[in-house]
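So the structure is just underneath, and the comments pick up after that.
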Amino acid sequence: MGERRRIHCRLHKAVPAEAGLGGGSGDAATALYAANRLAGFKATEKELIEWSADLGSDISFFFSQGSAYCTGRGEIIENVPPLPETAVWLIKPPYGCSTPAVFKALGLSPGEKLDGAEPRGMLDQFQSSVFGAPYLNDLEEPAFAVAPELRELRDALSKYGFKHVMMSGSGSTIFAVGAPAADVADTWQAELTSKFGVDIFEQAFCGRAATDRLWYGETGAYEYEAAQAMY
């Protein structure tokens with residue numbers, strides 16, 4: 001028999017909307033995880049994954065260990081070994097990209113598949129070399145059609161010597177992997193911000209402990225305590 005409880009929560013949103021970073025999906029996954037934790041872990045992580053698939057295609061990924069092979073609509077996940085802690089720069093322009101508009105520009109018919117490299121093989125290459133692996137985003141060109149200024153931003157960023165530069169998800173964030181060239185290390189951010197009005201964030205690939213008792217960013221043993229917010 002299920003339980004009905006009320007939870008008061010406050011969202012401090014740091015990931016911008018329409019950025020191609022899965023911010024909304026991450027919020028939903030965190031809310032599901034938090035509710036389950038407050039209730040004393042009544043549901044298994046497998047159940048949370050199944051429930052999250054009904055809410056959105058990308059939510060299930062956040063119940064992985066941070067690196068996963070995703071199939072179906074993105075809701076079927078298979079944990080894979082974590083990627084190394086590599087510097088990743090996120091460059092967010094002052095506008096977003098509409099996901100429906102980008103997928104419309106992609107122009108796929110129902111059931112139609114894209115030609116290209118086999119994704120599992122590409123993932124295997126990532127496991128052996130983040131810098132040497134091929135990077136592919138089928139939504140990049142459709143996003144450039146929706147927001148042509150994104151291509152200009154991507155091309156400008158590519159000139160700074162990063163290992164890889166590509167749009168994230170359906171946009172509008174552009175990410176850069178690795179470090180810039182030494183001769184522009186002190187100037188590239190100011191130049192890019194001045195020309196494009198972007199926000200720049202230095203991040204890194206991250207993982208999650210292989211346990212349903214810890215969330216991203218949490219370390220060490222976790223002992224469940226009933227939260228005072230539960231009533």
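In this simple spin-label model, placing a label point 7 Å from the Cα along the Cα-to-Cβ direction at both residue 73 and residue 104 gives a separation of 2.0 nm.
Each of 105, 128, 187 was placed along the dipole of region 82-207 (beta-carbon charges, centred on the mean Cα), and the one lying farthest toward the positive end is 105. Among beta bridges identified by DSSP and lying wholly in region 47-191, the antiparallel ones come to about 100 percent. With θ taken as phi - 60° and the Karplus curve 6.51 cos²θ - 1.76 cosθ + 1.60 applied, the whole-hertz 3J(HN,Hα) list for region 160-173 is 8, x, 5, 5, 9, 9, 7, 6, 9, x, 9, x, 9, 6 Hz, x standing for glycine and proline. Among the listed pairs 46/92; 92/159; 92/195; 113/163; 104/163, a Cα-Cα separation exceeding 23 Å is found for 46/92; 113/163; 104/163. Placing unit charges on the Cβ atoms of the charged side chains and taking the dipole of the chain about its Cα centre, the candidate lying farthest along the positive direction among 178, 59, 87 is 59.
With semi-axes defined as the square roots of five times the eigenvalues of the C-alpha gyration tensor, the equivalent ellipsoid of region 143-224 measures 32, 17, 11 Å, largest first. Based on every Cα atom in the chain, Rg and the maximum pairwise Cα distance Dmax equal 19.4, 64 Å. The slack between residue 181 and residue 151, meaning 0.36 nm per residue of separation minus the straight C-alpha distance, is 8.7 nm.
Couplings 3J(HN,Hα) of region 84-91, computed from phi: x, 6, 10, 4, 9, 9, 10, 10 Hz, in residue order, whole Hz [Karplus 6.51 cos²θ - 1.76 cosθ + 1.60, θ = phi - 60°; x for Gly and Pro]. Placing unit charges on the Cβ atoms only, positive for Lys and Arg and negative for Asp and Glu, gives region 13-80 a dipole magnitude near 220 debye about its Cα centre. A simple rule links phi to the HN-Hα coupling: the Karplus curve 6.51 cos²θ - 1.76 cosθ + 1.60 with θ = phi - 60°, which for region 120-125 gives 5, x, 5, 4, 4, 5 Hz, with x for Gly and Pro. Here the Kirkwood formula, the inverse mean of 1/r across different C-alpha pairs, assigns region 79-155 a hydrodynamic radius of 15.0 Å. Please give the Cα centre distance for region 107-137 versus region 1-39, rounded to the nearest Å. Cα centroid of region 107-137 versus Cα centroid of region 1-39: 29 Å apart.
Most tightly packed first, judged by the mean number of other beta-carbon atoms within 10 Å of their residues, the peptides 30-37, 200-207 read 30-37, 200-207.
For the pair residue 202 and residue 50, a Förster radius of 35 Å applied to the C-beta separation gives a FRET efficiency near 0.50, rounded to the nearest 0.05.
Taking the Cα centre of region 28-172 as origin and assigning +1 to Lys and Arg Cβ atoms and -1 to Asp and Glu Cβ atoms, the resulting dipole is close to 340 debye.
No value in this document is a laboratory result; all are computed from the given coordinates. What you are looking at is a predicted structure, and each value in this text was computed from that prediction instead of being measured. As a convention, Cβ positions derive from the backbone with ideal geometry for all residues, glycine included, and neighbour counts pool all protein chains shown.
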